[in-house]
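K.L.:
Supplied in structure tokens, the structure appears directly below.
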Amino acid sequence: MDDGSDLRRELDERDAEIERLRKLLVAKDIELGEERGRRLELESYVLRLLAFVRRAKLALTRPGHALRRLRERRGGERG
């Protein structure tokens, strides 16, 4: 029965290692999900900021064009 108890101990150690690795994998998956969320939030902020900068630049360099576009946009919202 010594071989049987050695085998049982090896299987228990293997199962414990599998469980430890599974927990690490889940923790890393959670960490990656959080990082993706932060990255998407930052990308969204940067895109809004770039759009604002483009509009501001257009308003400064071509004020007539910017006013026409603003009027067109406002007119489209009413209709």
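K.L.:
Kindly evaluate Glu31 against the criterion of being surrounded by 10 or more Cβ atoms within 10 Å (Cβ to Cβ), free of Cβ contacts under 8 Å to residues at least 60 places away in the same chain, assigned to a helix (DSSP H, G or I) and under 22 Å from the mean Cα position of the chain (by Cα).
P.N.:
yes
K.L.:
Take Asp3 and decide whether it is part of a helix (DSSP H, G or I), of a type in the set (Asp, Glu), surrounded by 10 or more Cβ atoms within 10 Å (Cβ to Cβ) and free of Cβ contacts under 8 Å to residues at least 24 places away in the same chain.
P.N.:
It is false that Asp3 is part of a helix (DSSP H, G or I), of a type in the set (Asp, Glu), surrounded by 10 or more Cβ atoms within 10 Å (Cβ to Cβ) and free of Cβ contacts under 8 Å to residues at least 24 places away in the same chain.
K.L.:
Checking the condition basic (Lys, Arg), part of a helix (DSSP H, G or I), surrounded by fewer than 10 Cβ atoms within 10 Å (Cβ to Cβ) and free of Cβ contacts under 8 Å to residues at least 40 places away in the same chain, which residue from Arg54, Arg73, Arg36 passes?
P.N.:
So the residue among Arg54, Arg73, Arg36 that is basic (Lys, Arg), part of a helix (DSSP H, G or I), surrounded by fewer than 10 Cβ atoms within 10 Å (Cβ to Cβ) and free of Cβ contacts under 8 Å to residues at least 40 places away in the same chain is Arg73.
Every number here is computed from the coordinates shown, using simple stated rules; none is lab data. Because the structure is a prediction, the values reported are computed rather than measured. So basically every Cβ, Gly included, is an ideal-geometry build from the backbone, and we count neighbours across all protein chains shown.
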